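The values are calculated or read from the model by the stated rules, or taken from the named source; none is laboratory data. Please read all numbers here as calculations on a predicted model, not as lab measurements. Heads up, the Cβs are rebuilt from the backbone with ideal geometry, glycines too, and the neighbour counts pull from every protein chain shown. Keep in mind that these areas ignore ligands, DNA and RNA; they rest on the heavy atoms of the full protein, side chains included. Shrake-Rupley method; radii C 1.70, N 1.55, O 1.52, S 1.80 Å.
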Amino acid sequence: MATFNIYLNFPGNTQEAFDFYKSVLGGEFLTVMRFRDAPDTDKIPPALLDKIIHIALPVGKGNMLMGTDAAEGMGPKFTVGNNVHITVGPDSEEEARRLFDGLSAGGEVATPLNIAFWGGLFGAFTDKFGINWMFNYDPRQQQQ
């Protein structure tokens, strides 16, 4: 069955927030990617290049706390309330599509399931109850 984790959006202070969480919860960051690590950096405003595009901190028993700097003009506008997502890591592409299609029914798809620049099958939506979801299936992670 898929894994379910928490994804947080911040208004530019993700590094500070995650340094704080790490100081309290312990552990080491599994991933730290900055906007400068993404393709097409020429399209990213210079002030954003050192901001966080993705960070992951393992917490608890197999859970992951993840986050990003919600940069203006690069996705939904940051608003307290829209800054928390349930993230789903399906075990297969079939499971990704079945759960994505089922949970997004009647909601609003922001990003259809598609191959992202990091190689994963990614999609995002707000369900009919106003809950934000993100899916990422990466077959390379299944081989580990």
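Some points to look at:
- Of Ala124, Ala56, Ala71, all but one fail to be surrounded by 12 or more Cβ atoms within 10 Å (Cβ to Cβ) and not in a strand (DSSP E or B); the exception is Ala71.
- Failed item in (1) touching a strand residue (DSSP E or B) at 6+ places or on another chain (Cβ under 8 Å); (2) of a type in the set (Gly, Ala, Ser); (3) within 19 Å of Lys77 (Cα to Cα), with Gly130 passing the rest: (1)
- Residue within the range 75-88 that is closer than 22 Å to Ala124 by Cβ, open to solvent by 30 Å² or more (accessible area, probe 1.4 Å) and assigned to a helix (DSSP H, G or I) present: no
- Selection of the range 1-27 for residues being part of a loop (DSSP other than H, G, I, E, B) and more than 18 Å from the chain's Cα centre (by Cα) yields Met1, Gly26, Gly27.
- Qualifying residue in the range 94-108 (condition: in contact (Cβ under 8 Å) with a residue 12 or more places away in the chain, over 20 Å from Pro139 (Cα atoms) and part of a helix (DSSP H, G or I)): yes
- Of note, Glu72 satisfies the criterion of being of a type in the set (Asp, Glu) and either more than 23 Å from Asn13 (Cα to Cα) or at pLDDT below 95 (or both).
- The residues listed here are Pro39, Pro112; of these, the one that is in contact with a Gly (Cβ under 6 Å, 6 or more places away or on another chain), open to solvent by 60 Å² or more (accessible area, probe 1.4 Å) and outside any helix (DSSP H, G or I) is Pro112.
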